[in-house]
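Asks: Have a look at this one before I ask anything.
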Amino acid sequence: MTTHGDVLFVLDPLSTIDAHRDSSYLMIAEAQRRGFQVWSVELGGLLLRGADAFAYATPISVPRLGQPVVVRGPSEVRELASFRVVLMRKDPPVDAHFIVATWALDRAAQRTLVVNTPQGLRDLSEKLAILEFPQFIPRSFLLRTVGDLRDALHELGGQMILKPVYGYGGREVLIAREGDPNLSTLFELATRDGTTWTIAQAFVPAAKDGDKRILLVDGEPIGAVMRVPASGELRNNFHAGGSPAATVLSARDLQICAAVGPFLRSRGQFFVGLDVLGEYLTEINVTSPTGMQEINRLENLTDDATMQAKFWAALVTKLG
């Protein structure tokens, strides 16, 4: 590899980056393999000096694939425009700190490449962006009152899923059924006694088999993995105990990708994870989607066939 230059990853603390699970880890390792010098910063290390964005950037490396990320030297205050690309890979939640960081990254995006594009990260709710594609999604509602939730439950045949708008990793996902003596309590919990919105979504029976995480790079699918829930568990997220299983893209999956891909590309969302449950698109994950490691292992991918290699090959093309 002859590519050179510095790249900056906006990350959670390095101690939380799992060498055997995180996609960000593989992105770092592949950047290094391609001859880039890799740096990292946490949200709190971003700052503006006038209209210019800077970071307390720390040089990092992966000594050997599978070993933890290590720090190569002291942090430096560097202008974000000095990096060939800035990769925003901070995990959810999308909270006030996350939003402020995207405002700082907006300034950097005027002078260097930032992926995913900060405005798109703000604009696209991972739970609600699917509403752009009503032909592919389960019936969905954004509601706040117990009365509205009861009406939705009746309309959806007496069973539905409740998701927090800013939820992630399967946290606080609930199933509501008519006749459940705890139903009112569930609705109160989901809306925090009517003080916040919740998403009510039709229950998809295929959920028992798990959902499919499809990774898209610049609007094109590069791989997929099934996330199978543990026995007796509603959620299939890996962080909630779901297990990875090999899968292939169906005709329906490809139809969804063909519709969603150009939309994401137009919004500057370079690396995205789609969640497909049975025949239905249920989430569009733009913040820091994962799944690379599981796909690589299940498909025995190596070298240029890996998910991280496909990611960086497309990114290098974009860098020109």
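Asks: Determine whether residue 89 is touching a Leu at 6+ places or on another chain (Cβ under 7 Å) and open to solvent by 40 Å² or more (accessible area, probe 1.4 Å).
Replies: In short, no.
Asks: Then there is this: Residue by residue through segment 11-21, note down the ones that are in contact (Cβ under 8 Å) with a residue 60 or more places away in the chain and touching a helix residue (DSSP H, G or I) at 6+ places or on another chain (Cβ under 7 Å).
Replies: 11, 20, 21 - these are the residues of segment 11-21 that are in contact (Cβ under 8 Å) with a residue 60 or more places away in the chain and touching a helix residue (DSSP H, G or I) at 6+ places or on another chain (Cβ under 7 Å).
Asks: Sticking with this one: Determine whether segment 273-294 contains at least one residue that is touching a residue at least 12 places away in the same chain (Cβ under 8 Å), loosely packed, with under 15 Cβ neighbours inside 10 Å and under 30 Å from residue 7 (Cα atoms).
Replies: No, segment 273-294 has no match at all.
Asks: Looking only at segment 103-129, which residues are open to solvent by less than 40 Å² (accessible area, probe 1.4 Å) and under 14 Å from the mean Cα position of the chain (by Cα)?
Replies: 115, 116, 118, 120, 121, 124, 125, 126, 127, 129
Asks: Here is a further query. Specify which of the listed residues (249, 298, 264) is part of a loop (DSSP other than H, G, I, E, B) and farther than 18 Å from residue 24 by Cα.
Replies: Values: 298 fails: part of a loop (DSSP other than H, G, I, E, B); 264 fails: part of a loop (DSSP other than H, G, I, E, B).
One residue alone meets the criteria, 249.
Asks: Follow-up. Tell me whether segment 62-83 contains one or more residues that are open to solvent by 20 Å² or more (accessible area, probe 1.4 Å) and among the aromatic types (Phe, Trp, Tyr).
Replies: no
Asks: For segment 136-173, give me each residue that is out of contact with any strand residue (DSSP E or B) (no Cβ under 9 Å at 6 or more places or on another chain) and among the aliphatic types (A, V, I, L, M).
Replies: 146
Asks: While we're here: With the structure loaded, tell me whether residue 106 is under 18 Å from residue 45 (Cβ atoms) and touching a helix residue (DSSP H, G or I) at 6+ places or on another chain (Cβ under 6 Å) or whether it fails that test.
Replies: Details: under 18 Å from residue 45 (Cβ atoms): yes; touching a helix residue (DSSP H, G or I) at 6+ places or on another chain (Cβ under 6 Å): yes.
Yes: the conditions hold for residue 106.
Asks: Turning to a different aspect of this structure: Exactly one condition in (1) farther than 18 Å from residue 270 by Cβ; (2) part of a loop (DSSP other than H, G, I, E, B) is false for residue 91; which is it?
Replies: Going through (1) farther than 18 Å from residue 270 by Cβ; (2) part of a loop (DSSP other than H, G, I, E, B) one by one, residue 91 breaks only (1).
Asks: Evaluate the following for residue 215: is it crowded, with 23+ Cβ neighbours inside 10 Å and either modelled with pLDDT of 95 or more or closer than 26 Å to residue 87 by Cα (or both)?
Replies: On the way: crowded, with 23+ Cβ neighbours inside 10 Å: yes; either modelled with pLDDT of 95 or more or closer than 26 Å to residue 87 by Cα (or both): yes.
Here the answer is yes, as residue 215 does meet what is asked.
Asks: Of the residues 100, 7, 41, 94, only one is modelled with pLDDT under 95 and either at positive phi or within 21 Å of the chain's Cα centre (by Cα) (or both); which? Can you show your working first?
Replies: Values: 100 fails: modelled with pLDDT under 95; 7 fails: modelled with pLDDT under 95; 41 fails: modelled with pLDDT under 95.
Testing whether each residue is modelled with pLDDT under 95 and either at positive phi or within 21 Å of the chain's Cα centre (by Cα) (or both) leaves just 94.
Asks: Looking only at segment 61-83, decide whether some residue is more than 21 Å from residue 168 (Cα to Cα), over 16 Å from the mean Cα position of the chain (by Cα) and acidic (Asp, Glu). Please lay out each step first, then the result.
Replies: Quick first cut of segment 61-83, residues more than 21 Å from residue 168 (Cα to Cα) only: 61-83.
So of that shortlist, the ones also over 16 Å from the mean Cα position of the chain (by Cα) come out as 61-83.
Those left that are additionally acidic (Asp, Glu): 76, 79.
Yes, segment 61-83 has at least one match.
Asks: Then there's this: Which residue is farthest from the chain's Cα centre (by Cα), if the candidates are limited to segment 190-212 and must be of a type in the set (S, T, N, Q) and surrounded by 15 or more Cβ atoms within 10 Å (Cβ to Cβ)? Can you show your working first?
Replies: Kept after step one, since they are of a type in the set (S, T, N, Q), are these residues of segment 190-212: 191, 195-196, 198, 201.
Remaining after also requiring surrounded by 15 or more Cβ atoms within 10 Å (Cβ to Cβ): 191, 198, 201.
Working: 191: 24, 198: 20, 201: 20 Å.
Among those residues, the one meeting the criterion is 191.
Asks: Right, something else. Determine, yes or no, whether residue 65 is hydrophobic (A, V, I, L, M, F, W, C) and assigned to a strand (DSSP E or B). Lay out the reasoning, then the answer.
Replies: Working: hydrophobic (A, V, I, L, M, F, W, C): yes; assigned to a strand (DSSP E or B): no.
The answer is no for residue 65.
The values are calculated or read from the model by the stated rules, or taken from the named source; none is laboratory data. It should be emphasised that the depicted structure is a prediction, and the values quoted were computed from it without experimental measurement. Glycine also receives a Cβ, built like all others from the backbone with ideal geometry; neighbour counts cover every protein chain displayed. These area figures cover heavy atoms from the full protein model, side chains too; ligands, DNA and RNA do not enter into them. Shrake-Rupley method; radii C 1.70, N 1.55, O 1.52, S 1.80 Å.
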